[in-house]
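The values are calculated or read from the model by the stated rules, or taken from the named source; none is laboratory data. What you see is a predicted model, and the numbers here were worked out from it, not measured in a lab. Every residue, glycine among them, receives a Cβ derived from its backbone with ideal geometry; neighbour counts consider all protein chains shown.
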Amino acid sequence: MKIDVTNWAILDALQHNARLSNAEIGRKVGLSSPAVAERIKKMEDYGVLEGYTANVSYTKIGYQLKAMITLRAFMGRLKPFLIKVSEFKEVVNCYRITGNENIIMEVVLKDQIHLQEFIDRLITYGEVKTHIILSNLIENSPIIDHKKIDKTKI
């Protein structure tokens, strides 16, 4: 699927606020509401738009800690971990990565005791390193059309 200038404008609008109506997006990009709906449907069908989510404040629902945890799996323990990780409710994002570690996870935890208990569950799979997140500098930054970046401003 070709992502033209108009599709990029629609994607930009949706990434900033996925609850915008097709009419509102249409006003921003110069299309009718049905034309916007058709383009959005095509992007959904092609998998360009993968879904719509709600961002939830982990602190407002009782979690005090957010952390990045890496796992360097022991020999023969990576596959069992890959099967088990979806059961860990603390994990909000998990990636298989290159380098010394095999896995990096973004987790939310109630407190230090919860962190300790979670690490205790992980250490049966490998060596664990924990990095407590102090603040978010950039979060859910929109994906942009890099061909449009003015390199003189970088």
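Taking residues in region 41-58 that are surrounded by 11 or more Cβ atoms within 10 Å (Cβ to Cβ), and partners anywhere that are part of a helix (DSSP H, G or I), the pairs with Cβ atoms closer than 6 Å and at least 6 places apart or on different chains are L49/M43. Scanning region 133-154 for residues that are at pLDDT 90 or above and surrounded by 12 or more Cβ atoms within 10 Å (Cβ to Cβ) yields one hit, I133.
Out of all the residues in region 77-86, is one or more closer than 30 Å to R19 by Cβ and within 15 Å of the chain's Cα centre (by Cα)? No, that holds for no residue. Consider S33 carefully, then state whether it is among the polar types (S, T, N, Q), more than 25 Å from H146 (Cα to Cα) and surrounded by 12 or more Cβ atoms within 10 Å (Cβ to Cβ). Answer is yes for this residue. Checked against (1) touching a Cys at 6+ places or on another chain (Cβ under 8 Å); (2) more than 30 Å from D12 (Cα to Cα); (3) not charged (D, E, K, R), F88 passes all but condition (1). Checking K2, K89 one by one, the residue that is basic (K, R), over 23 Å from the mean Cα position of the chain (by Cα) and in a loop (DSSP other than H, G, I, E, B) is K2 and no other.
Restricting attention to region 38-55, and to residues there that are under 10 Å from I10 (Cβ atoms) and outside any loop (DSSP other than H, G, I, E, B), which single residue is nearest to the chain's Cα centre (by Cα)? Per the criteria, the residue is M43. Within region 96-108, residues that are in contact (Cβ under 8 Å) with a residue 60 or more places away in the chain reach no partner that is aliphatic (A, V, I, L, M) and outside any strand (DSSP E or B) with beta carbons closer than 7 Å at six or more positions or on different chains.
Does N136 meet the test of being within 26 Å of N55 (Cα to Cα) and not in a strand (DSSP E or B)? Considered against the rule, which asks whether it is within 26 Å of N55 (Cα to Cα) and not in a strand (DSSP E or B), N136 comes out as yes. For region 5-22, filtering for residues that are in a helix (DSSP H, G or I), of a type in the set (A, V, I, L, M, F, W, C) and surrounded by 14 or more Cβ atoms within 10 Å (Cβ to Cβ) leaves 6.
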